[in-house]
Amino acid sequence: MSTIRAGHFGRRIRALREERGLSQEELADVFGFNDRQTVSAVETGARRLTAEELLLVMNGLNVPLDYFTDPFRLVGEGPFHWREDGIPARERNDYEERAGSWIAAFRELSVPEDGPRLLRRALPLDRTSTYEDAASAGERFVVEFGLGEVPANRLAQEMEQRLGVLVLFVDGPDRMSGAACRLPEVDSVLISRSEVPGRRNFDLAHELFHLLTWDAMPPADCSHSARGFAARRLERLADNFASAVLMPRAELGSHGSWRQHTESALIERLNSTADRLRVTARALGWRLVNMGALSKEALLGLPSSALQNNGRDSSRELESAPPPLYSRRFVEVIGRAIDEGRLSALRASEMLDRTIDDLPDLFTDHGITCPLEV
Amino acid sequence: MKPRTPSVLVDTHAIVECHRTGSWQAFSRRYRLETVIQCVRRICRGRRAHRPQQQIDRARLVASLNAVHEPTERELAELALRTSGIHLAEDEAALWAHTLGRDDDWVLCSSDAAGLRCGVRVGFRERLASLERLFQQGDVQPKKTLRRRHTEQSHRRRLRTIVVVDATVLRKSA
């Protein structure tokens, strides 16, 4: 009698059972098992499931086969943290399902079969930490990871290579700027391509904070409607960390005081420094205020339009083109899987929401040889 | 009357490529072509897998096929367990699942590496055929050049690689 690799199916069965509010005894009835211990063994992967038993639970609980067989979906796992502003719940759930499929596919197609990572990095911060603690952690992060004078230039790369974080640049719903997702095997960050570069970098550093503090301080949703005091405080800790990572004290103090400027000179300096550090001038202003290098009154006294788009007329002038969709690492994994016959081109095109004939462009955008013979 | 040759199971790619190259009519007259309903649905629905967005009439397509099958749940579950680690689209999986229940003479025309690997995994390596080879054997003349992935050379090259890679994977997991 044929059997199915147990761990994956066991997790799905347990997730479904819990979702339906069933006890193991009740599920044992569905299977036709004598006792709940057998169900427990199935769920933990200690006992292999047969094809016949799989059909029993499908029909007994009225779920389609792919609920169990599709590893490209996150079921009962992978909590997301969203940075968004009032996206309707249904739209967000739909997008989360799509994003979950990319992350699950990456996990399935790239992670070695010997299980989750042995070690996971974390910041030494918790709910008693102050905003200054978070900023200090950001400063140390820059030094320890060698991010250099313009940390934004290397942040995504270091997150991927040294922390194993999957960084994806996406075209998400309006009003979504970023998200983080945590799985035992891989952490992921999604950043909206439509944001201006400075905002994208800030979101990246902000989500990094959440990934590095998830155990100690699990993030709540960041939509305005869901915020309580604790959630707002956590978001401010993340902002302080992100500011310090992208705008290290040493860089900001290296060219003299920020206090003794005329208004026009201050505006010019904020915009040019923000351009150099690849942040927004507004974020830079608040970083300087928090450091005590600039007064709050001086910043708030500036015309807000003067700092918008770092002094440019439009955001389109900030960069010639947004980053390519997803990431090179992600596309490499997909390409290798197609080439090795582990992933069909049709399945890849469905997951990435493009036709097979448009798939080659995805590889070209990342400078990768296309695995499809076109 | 069609000559007595094995039934030819065609996937979405093969059907679309035949229509693109203006060879479907000749191909369907030469062979007993069969597919699964999931392939028909994908080809004929609004959201397409391929471009250009050539309209393929569903009724005409079905009429030109010898049979349109639908695999059972048992066949789909069986395929899932036997092809662990190979990720196909729904219509591709349905076509291969259907083969598990057949005991007649047939060949399957697929150009996708994962589809070929699926065929090798379930023991049907000898039943895999490229569109180009079927055209040549059946004297079907396409009006446009076949895309490279449908050629016999591409088919053989990928099959050689897949057989080696899949055998290695199965040895490691044993």
Q. Do we find that A:A293 is in contact with a strand residue (DSSP E or B) (Cβ under 9 Å, 6 or more places away or on another chain) and touching a residue at least 40 places away in the same chain (Cβ under 8 Å) in this structure?
A. no
Q: Show the residue pairs that are 6+ apart or on different chains and have beta-carbon atoms under 6 Å apart, the first residue being within region B:148-166 and closer than 12 Å to B:S110 by Cα and within 8 Å of another protein chain (Cβ to nearest Cβ), the second being basic (K, R) and assigned to a helix (DSSP H, G or I).
A: B:S154/B:R148
Q.
One residue is enough: does region A:146-162 have a residue meeting the conditions touching a strand residue (DSSP E or B) at 6+ places or on another chain (Cβ under 6 Å) and closer than 22 Å to A:N93 by Cβ?
A. no
Q) Is at least one residue of region A:304-326 buried (at least 17 other Cβ atoms within 10 Å of the Cβ), in contact (Cβ under 8 Å) with a residue 40 or more places away in the chain and within 12 Å of chain B (Cβ to nearest Cβ)? A) no
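Here's the yes/no breakdown for (1) touching a residue at least 12 places away in the same chain (Cβ under 8 Å); (2) closer than 24 Å to A:I87 by Cβ; (3) buried (at least 16 other Cβ atoms within 10 Å of the Cβ):
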| residue | (1), (2), (3) |
| --- | --- |
| A:S188 | yes, yes, yes |
| A:D203 | yes, yes, yes |
| A:D215 | yes, no, no |
| A:G228 | no, yes, no |
| A:N240 | yes, no, yes |
| A:V245 | yes, no, yes |
| A:L252 | yes, no, yes |
| A:S257 | yes, no, no |
Q) Taking interchain pairs and intrachain pairs at least six residues apart, which have beta carbon atoms under 9 angstrom, with the first residue in region A:48-68 and without any contact (Cβ under 8 Å) to a residue 12 or more places away in the chain and under 16 Å from A:E26 (Cα atoms) and the second of a type in the set (G, A, S) and in a helix (DSSP H, G or I)? A) A:M58/B:A77
Q) Which residues, counting only those in region A:20-40, are more than 33 Å from the chain's Cα centre (by Cα) and not in a loop (DSSP other than H, G, I, E, B)? A) A:Q24, A:E25, A:E26, A:L27, A:A28, A:D29, A:V30, A:F31, A:R36, A:Q37, A:T38, A:V39
(Q) Tell me yes or no: at least one residue of region B:5-13 is under 19 Å from B:L146 (Cα atoms), at pLDDT below 95 and part of a helix (DSSP H, G or I). (A) yes
(Q) Can you tell me which condition A:D353 does not meet? The list is (1) within 14 Å of chain B (Cβ to nearest Cβ); (2) surrounded by 15 or more Cβ atoms within 10 Å (Cβ to Cβ), and all the others hold. (A) (2)
Q) Would you pick out the residues in region B:36-53 that are in contact with a helix residue (DSSP H, G or I) (Cβ under 8 Å, 6 or more places away or on another chain), modelled with pLDDT of 65 or more and either farther than 19 Å from B:L9 by Cβ or within 12 Å of chain A (Cβ to nearest Cβ) (or both)? A) B:Q38, B:C39, B:R42, B:I43
Q. Any residue at all in region A:102-121 that is hydrophobic (A, V, I, L, M, F, W, C), farther than 30 Å from A:N290 by Cβ and surrounded by fewer than 17 Cβ atoms within 10 Å (Cβ to Cβ)?
A. yes
Q: For region A:329-374, name all the residues that are part of a helix (DSSP H, G or I) and charged (D, E, K, R).
A: A:R329, A:E332, A:R336, A:D339, A:R347, A:E350, A:D357, A:D358, A:D361, A:D365
Q. Would a scan of region B:66-78 turn up a residue that is touching a residue at least 40 places away in the same chain (Cβ under 8 Å), in a helix (DSSP H, G or I), surrounded by fewer than 21 Cβ atoms within 10 Å (Cβ to Cβ) and within 14 Å of chain A (Cβ to nearest Cβ)?
A. no
Q) Among the residues of region A:360-371, is there at least one that is touching a strand residue (DSSP E or B) at 6+ places or on another chain (Cβ under 8 Å) and either facing chain B (nearest Cβ under 10 Å) or surrounded by fewer than 16 Cβ atoms within 10 Å (Cβ to Cβ) (or both)? A) no
Q) Among the residues of region B:111-124 satisfying the criterion of being within 9 Å of chain A (Cβ to nearest Cβ) and among the small types (G, A, S), which is surrounded by the fewest Cβ atoms within 10 Å (Cβ to Cβ)? A) B:S111
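The values are calculated or read from the model by the stated rules, or taken from the named source; none is laboratory data. Just so we're clear, the structure is a prediction, and the values are computed from it rather than from any experiment. Cβ atoms come from the backbone with ideal geometry, glycine included; neighbour counts cover every protein chain shown.
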